[in-house]
Amino acid sequence: MAPRPLTDARAARLGLLVAAVVVGAQLVVGAAWSLSHDDPTELDLTRRCFSREMALRVEETTGDPIAASARGGTLTTIVEGNLLTIAIVTSSGEAERLRAAYLALGGDVEPRLEVRGRYVRLWRRPPSPSQRRTAAGCEY
């Protein structure tokens, strides 16, 4: 039996079949990768940014039960001589809860407290513009 000629319709079906096989292979590889590799958390990304990109020492937060209550985690670093505690929250409601808890402490907390998206930052002293820029450079 002689091979049938390749018509436009057969070429289109063959092209669709090849494309479906390629897409299916990509989906399988992507699913296998996703199952075997955990994506870094925002805390991991933030910690890595401060230590690698900003060359700052990052430590665990101690003595701050408000920051410790953040679901996304917390870290402490020193930016240009100013101690910074960052709490990473998972929702705007949680950010507001932490903000209210810090403000309830009284004193001069308000000028040292910043809430930006998923980050609640508490500085030891009111931050300078360059300190704010450094901290904002590690937001994800």
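The values are calculated or read from the model by the stated rules, or taken from the named source; none is laboratory data. Please read these numbers as outputs of a predicted model, since none were measured by experiment. Cβ atoms come from the backbone with ideal geometry, glycine included; neighbour counts cover every protein chain shown. These accessible areas exclude ligands, DNA and RNA; they are computed on the full protein's heavy atoms, side chains included. Shrake-Rupley method; radii C 1.70, N 1.55, O 1.52, S 1.80 Å.
Would you tally the residues in segment 93-140 being more than 19 Å from Leu83 (Cβ to Cβ), among the acidic types (Asp, Glu) and open to solvent by 40 Å² or more (accessible area, probe 1.4 Å)?
Residues in segment 93-140 being more than 19 Å from Leu83 (Cβ to Cβ), among the acidic types (Asp, Glu) and open to solvent by 40 Å² or more (accessible area, probe 1.4 Å): 1 in total.
Name every residue in segment 1-46 that is of a type in the set (Val, Ile, Thr), assigned to a helix (DSSP H, G or I) and within 30 Å of Val79 (Cβ to Cβ), in order of residue number.
Initial filter on segment 1-46 (of a type in the set (Val, Ile, Thr)): 7, 18, 21-23, 28-29, 41, 46.
Of the ones still in play, those that are also assigned to a helix (DSSP H, G or I) are 18, 21-23, 28-29, 46.
Thr46 - this is the single residue of segment 1-46 that is of a type in the set (Val, Ile, Thr), assigned to a helix (DSSP H, G or I) and within 30 Å of Val79 (Cβ to Cβ).
All but one of (1) open to solvent by less than 30 Å² (accessible area, probe 1.4 Å); (2) free of Cβ contacts under 8 Å to residues at least 40 places away in the same chain; (3) assigned to a loop (DSSP other than H, G, I, E, B) hold for Ala87; state the number of the condition that does not hold.
Of the numbered conditions (1) open to solvent by less than 30 Å² (accessible area, probe 1.4 Å); (2) free of Cβ contacts under 8 Å to residues at least 40 places away in the same chain; (3) assigned to a loop (DSSP other than H, G, I, E, B), the odd one out for Ala87 is (3).
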